[in-house]
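Any read-out appearing in this document is the output of simple, stated calculations on the displayed coordinates, not a laboratory observation. Because the structure is predicted, anything quoted here is derived from the model rather than measured. Cβ placement follows ideal geometry from the backbone for every residue including glycine, while neighbour counts extend to all protein chains displayed.
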Amino acid sequence: MTVTEARTSRGPATKGAPRTAPPVRTRLRRAATPWLFLAPALLLFLYFKFIPMAEAVRMSFQEVRPFLGNTYVGGANYSEIAGKSDFGAAVWHTVVLAVATTAGSIVLGMVLALLLEGQTRSLWFIRSAIFLPVVTAMAVVAEVWRVMYYPAEGGALNSVLSVIGLGPSEFLNSPDSSLASIAFVGVWRGAPYDMMIFLAGLAGVDRVLYEASAVDGASRFRRIWHVTLPGLRPVFAILLTLAAIRGLRIFTEVFLLTNGGPDGSTEVLLTLTYKLGLERNELGVAAAGTVLLFAILLVLTVASRVRRRGVR
Amino acid sequence: MSKQLRKPEGGRRFGAIAAVLAVAAATVTGCSSGGSGQQQDDSAPLEVWIRQDAGSPAAESAEALTKAFSEESGIEAKLVAVGVTDFETKLQQRTAQKDLPDIVINDTGQLGNLVTQGLVREVDREGVAGSGDLADRAWEAAQGYDGKYYGVPFNSQAFALLIRKDWRDEVGADVPTSWDELTELAVKFTDDDPDGNGKDDTAGMVVPGTTTRGYLTWWFSTMLWSEGGGFVKKTGAGYAPAISDDASVKAVEKLQAMFCDSKVVQPGATTADSSTTHTVFESGKGGIYLTGPYMLPRFDGSLGKDKYEVVAAPPGAGGEAALAEGENVYMMAGSANEQGQQRFAEFAASPAGQKIGLGVDNGGIIVRLPVNTKVDGAAEREDPRWDVFQKVYDTAGRNAPALPNWSNVRQISSEGLNGVVSDCSRDVGRAMDELAGEIDAELEKQGAKG
């Protein structure tokens, strides 16, 4: 609606002086049109993203006490959070979880995609079945896995382990295996998602290349290595970017499965921030933690952009 | 459309945007202005928060309490049952909005936290109608670090042991009279298949060992204090860490042994919160559970009244001690009806309010042990097991130390304790030295060092 109005309204104004530059008002209007369209989104962003973000930065320099008034404490919050041994451990756990989950999901997703590529009707059914973990609510998934990980002989997974002569494992309950157990849940949930994206990517690989390489006598493995993987390069780029963001923001799984325990062995950045902010009421320190996380992400993003530009 | 009509339309559009932006800017600045010096209105309705799950019998009792208050005082009061596990989070959100509920009924352990943040009003103990009838120990739990009162007592409780009586008969053991005997009993419960199902699926001791909300510290307090140890001790004008003292280290070694040597705790104890441990006990997977009296109705229903007994925790090297806590009625800051707040607190602590809170009819217990000495809870309930809890509270009950912020120390110590029970190879003495250092730093931060 507004588009047509804006266009028709330009007509009469320019008709009077066709060769000179349009009058100021028209130029203003022209410049304003795109902003008008953006305004609703920008307003929403302003309220729900930019103002809270700015607020977090402000809070990170204050001791936050909403009712008594905040006091400016300079960089004290930053030195406190950076000096905490928990913080270093949390960063490390977050990175380990992100890398393990991403790598596991991509490898497993790739294998699943290669196995389930095709048009057959039954494949459609299996693909949907495998995709189920992605659409299930994380809270439900975590609760189910908690039950499956029951750390005694009667537990679901431990009964399976005992059949092959292993276990019982402590799973989530021992500092040695807790992080791996959470990563496994992450892979279980992430792989089908990656599979779907791989399937879409596989559909785009030129069939002729497969046939040509087969005629040239390439083995199945060589065909995957030299034809499929290069053809999927853009898919990998997307998946890695998504996984990096998802990985560093990991919260729900950890919160519901272990809440950082036992002995802080699964504490990640966001569970630590949550604890500091909402359990210990040190909102300023928690805000400093999130600002640091933001800074890390920003540096990583910029670095990868610069690198990509350099490659080009 | 004619030219004349179109032109002003464009101008109007700009005007509209300018107006929207102006309103937005006004709202932004409005958000950051404070809300102190609230205008008072004696008939303004009260918003009452309680830490109970909506729809639970306890929430019903709280509803009955607010209703009775409204009828008596003519002041409208609306109850909000805020979930058990995320109460503090929800309160924090309202704090950020600078719009607190008028009344909050919450743990005594949260007092320091609320005071430090300036969320509660001071209470004049003498000015509270009927304050003389309220137990001194309950008033003590409403006292801040500065000695002033910041809440009106509403409910108190002490912790005692729930022991599977049928299991104890099965293994042929007596009621334990010391912590060592208790551990022996737990070993029997773990190894001797007391439920007779032929499977090795029972645990002696049910322990919520997670660090969430400091549960492990909560559970361990009774044992630590009975053994003569402590988290902090009074020194001079303030406090000093006591967790690395000999008596404390010995108690923590016993705790570690339960997890690592005798292995009497239920599987998954190091990450279990109380909702998990309730289930462990009532599903017949655990034999000894140190908990509060509020669990009796639930376990009577799920397990059966005849299956378990209530026993006071045994005395240790330091004599008898049991964690006492409870809930206060907090009058929150920024209320439009301060007089109404006080009247609500007085009503809740009065015999009439306390009796409703007992939840005798509906099983919704929000007053476990009455704080009002004129009310005999066990007699009202006609259940002598409540008397055990009452006696424990009266003779051995011990409130958490009145630090400026106890919940932070509770959180820190639960993390330290969780470390030694999760990692059996860890040296308790050294770990407790580290923990003492952390507690010391926290005390320093709170300005509570002696």
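Look at the stretch A:58-68: the mean tally of other chain Cβ atoms within 10 Å of its residues' Cβ atoms is 4. By definition, a body whose alpha carbon gyration tensor gives a ≥ b ≥ c is prolate when a/c is 1.5 or more and a/b is larger than b/c, and the range B:78-154 fits this prolate description.
Less than 5 angstrom separates the built amide H of residue B:233 from those of B:240, B:242, all sequence-distant by 5 or more or on a different chain. Taking every residue in B:407-417 and counting other chain Cβ atoms within 10 Å of its Cβ, the average works out to 2. Work out which helices of chain B, taken as complete DSSP H runs, extend at least 15 Å along their axis over the Cα atoms and score a mean Kyte-Doolittle of -0.5 or more, then list them. Passing helices, by number: B:3-32, B:57-73, B:179-191, B:215-226, B:246-260, B:406-422. With the Kirkwood sum run over all distinct C-alpha pairs, the protein assembly as shown has a hydrodynamic radius of 30.1 Å.
Length gained on full extension, residue B:260 to residue B:197: 20.2 nm, using 0.36 nm per residue less the C-alpha separation. Sorting A:125, B:220 from the fewest to the most surrounding beta carbons within 10 angstrom yields A:125, B:220. Extending 7 Å from the Cα toward the beta-carbon at both residue B:235 and residue A:39 defines two label points whose distance is 6.6 nm. Note on chain B: helix-only mean residue ellipticity at 222 nm, from DSSP H runs of 4+ residues weighted -39500 (n - 2.57) and normalised by residue number, equals -14000 deg cm²/dmol.
A Förster radius of 30 Å, combined with the Cβ-Cβ distance separating residue A:249 from residue A:209, puts the computed FRET efficiency at roughly 0.20. The mean sequence separation of alpha-carbon pairs under 8 Å and at least six residues apart, normalised by the residue count of chain B, gives a relative contact order of 26 percent.
Shown is the FRET efficiency for residue B:395 and residue B:373, computed with R0 = 22 Å from the Cβ-Cβ distance and rounded to the nearest 0.05: 0.90. Cα centroid separation, the range A:131-191 to the range B:335-361: 47 Å.
Averaging Cα coordinates gives a centre for the range A:50-75 and one for the range A:18-43; these two points are 38 Å apart. Sorted on the mean count of surrounding Cβ atoms within 10 Å across their residues, most packed first, peptides B:154-161, B:241-248 read B:154-161, B:241-248. Give me P(r) over the range A:47-172, computed from all C-alpha to C-alpha distances, binned every 10 Å, as integer percentages. All Cα pairs, binned at 10 Å, distribute as 10, 17, 27, 21, 16, 8, 1 percent. All alpha carbon pair distances within the range A:197-276 were sorted into 5 Å bins beginning at 0; the resulting P(r) in whole percents reads 3, 13, 16, 12, 9, 8, 8, 9, 8, 7, 4, 1, 0. In this rough spin-label picture, where each label sits 7 Å from Cα along the Cβ direction, the residue B:41-residue B:382 distance is 4.7 nm.
The tail of the calculated P(r) for chain B beyond 44 Å holds 19 percent of all Cα-Cα pairs.
Can you pick out the pairs among A:49/B:78; B:254/B:305; B:307/B:374; B:263/B:307; B:233/B:445 whose Cα atoms lie more than 28 Å from each other? Violating the 28 Å limit, Cα to Cα: A:49/B:78; B:254/B:305; B:307/B:374. Find which of A:81, A:48, A:111 sits farthest along the positive direction of the dipole of the range A:43-177, computed with +1 on the beta-carbon of Lys and Arg, -1 on that of Asp and Glu, about the Cα centre. Checking the options against the dipole of the range A:43-177, the answer is A:48. Take every Cα pair under 8 Å whose residues are at least 6 apart in sequence, average their separation, divide by the length of chain A, and the relative contact order is 26 percent. Normalising by residue count, chain A has a Cα convex hull of 275 Å³ per residue. Neighbour counting of Cβ atoms within 10 Å sorts the residues A:250, B:288, fewest neighbours leading, into A:250, B:288. Eigen-decomposition of the gyration tensor built on the alpha-carbon atoms of the range B:278-356 gives equivalent ellipsoid semi-axes of 36, 18, 12 angstrom, largest listed first. Amide hydrogen proximity for residue B:449: with H placed 1.01 Å from N in the peptide plane, the residues at 5 or more positions away or on another chain lying under 5 Å are B:239.
Highest mean first, the peptides B:65-71, B:165-171, A:127-133 sorted by other C-beta atoms within 10 Å per residue fall in the order B:65-71, B:165-171, A:127-133. What separates the Cα centres of the range B:247-271 and the range B:125-186 is a distance of 22 Å.
For the range A:131-277, the Stokes-Einstein estimate of translational diffusion at 25 °C and a viscosity of 0.890 mPa s comes to 136 µm²/s, using the Kirkwood hydrodynamic radius over alpha-carbon pairs. R0 = 45 Å: FRET efficiency of residue A:115 with residue A:300, Cβ-based, nearest 0.05? Between residue A:115 and residue A:300 the formula returns 0.85.
Across the range A:86-209, Cα pairs under 8 Å and at least six residues apart give a relative contact order of 39 percent.
Sorting the segments A:256-268, A:194-206 by their residues' average number of neighbouring beta-carbon atoms within 10 angstrom, most packed first, yields A:256-268, A:194-206. Note on the range B:128-172: Rg/Rh from Cα positions, Kirkwood definition for Rh, rounded to two decimals, is 1.35.
Averaged over the residues of peptide A:274-281, the number of Cβ atoms from other protein chains lying within 10 Å of each residue's Cβ is 6. Once the Cα-Cα distance is subtracted from the 0.36 nm per residue extended length, the residue A:137 to residue A:161 segment shows a gain of 5.9 nm.
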